[in-house]
Amino acid sequence: MTERKEEVPVGPTDSTQSSGRTAPTASTTPTAQTASTVHTAVTEPNARTVPTVPIFGIPFSRMNMKDTVAYLTEAIGAGKPHQIITGNPIMVMTALNDPKYMKIMKSAELVVPDGTGVVWAAEYCGVPVAERVAGFDLLHELMHVGESYQWRVYLLGSTGEVIQETASRLQKQYPGIVVCGYRDGFFGESEDPEVIEQIRAANPHLLFVARGADTQEPWIGKYKEQLGVPLMMGVGGSFDIISGRSKRAPVVFQKLRAEWLYRLLKEPKRAKRMLALPQFVLKVKREKENVTKTV
């Protein structure tokens, strides 16, 4: 199965402590379903054409949430590895300064416009996306649809306490899905083979990784083929919100496209990282004619 992107011119529990790091927490839930059963819930090939708009060379999807979920449902049915990136202005600016990160963004099977700045840039340049597709909302939409197919979900990232609570809450909220395993995000490169094997043994349809955009996207991109999971997506701080450790921005901030401001007010230490936002806006305004050109 070959993906087609249409661009419009103008992304076993181990309690051993080592090296002073938090010990990795991992869990795998056995199930009677076999791979041949669960991986063929949808049998139609994923031939849907994805309309995109390139923002500084990164192909952002122009699909709305409904069509995005339909596309990903087909992708899971097809069974081949898909990396989904929920892109925002900070990630775009990172990619513009880091060729390796840019390559990861461009090689992903789907990049959705998570950040409101990306939505604004597309509108400003005359090639608007259908709507913002927030990663947190997309995760929950996939869980909802997944109940019908009994999709298996693996959770990777955050702390042991947060990941356990996240797994518990998602399983209760969506009893039709199977949280087939989870592990915290405190592991080094030398432990990657072990983590990959744990994920492969759990045989998930979906892998959600919460290790921060600077780490999770490159990690998924590097091991996408080895992991072999139909759908892999970085979810940033979503586990903190699901577990109850932190709160999502109030609806008023969401409607005003100012979730970034709420996060900054709650976490002033993010100020340095947030400097990329005005830099992105200025770059879009200065280079309007070149923003949506394919690179």
For the stretch 183-198, does any single residue satisfy the condition of being more than 19 Å from V112 (Cα to Cα), out of contact with any Leu (no Cβ under 7 Å at 6 or more places or on another chain) and among the basic types (K, R)?
no
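Residues are listed down the side, and each one gets a yes or a no for (1) in contact with a strand residue (DSSP E or B) (Cβ under 9 Å, 6 or more places away or on another chain); (2) closer than 21 Å to D98 by Cα:
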site: I196; (1), (2): no, no
site: H205; (1), (2): yes, no
site: F208; (1), (2): yes, no
site: K224; (1), (2): yes, yes
site: G236; (1), (2): yes, yes
If you take the residues of the stretch 170-180 that are touching a helix residue (DSSP H, G or I) at 6+ places or on another chain (Cβ under 6 Å) and under 19 Å from S238 (Cβ atoms), which of them is surrounded by the most Cβ atoms within 10 Å (Cβ to Cβ)?
C180
Cβ pairs under 9 Å, 6+ apart, first in the stretch 124-142 and under 22 Å from G244 (Cα atoms), second among the basic types (K, R):
F136/R248; E141/K66
In the list E141, E161, E191, E147, which residue meets the criterion of being surrounded by fewer than 20 Cβ atoms within 10 Å (Cβ to Cβ), within 15 Å of the chain's Cα centre (by Cα) and at pLDDT 95 or above?
E141
All conditions in (1) surrounded by fewer than 18 Cβ atoms within 10 Å (Cβ to Cβ); (2) modelled with pLDDT of 95 or more; (3) under 22 Å from I220 (Cα atoms) are true of K66 except (3)
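The values are calculated or read from the model by the stated rules, or taken from the named source; none is laboratory data. From a predicted model like this one, the values you see are computed outputs, not experimental measurements. Glycine also receives a Cβ, built like all others from the backbone with ideal geometry; neighbour counts cover every protein chain displayed.
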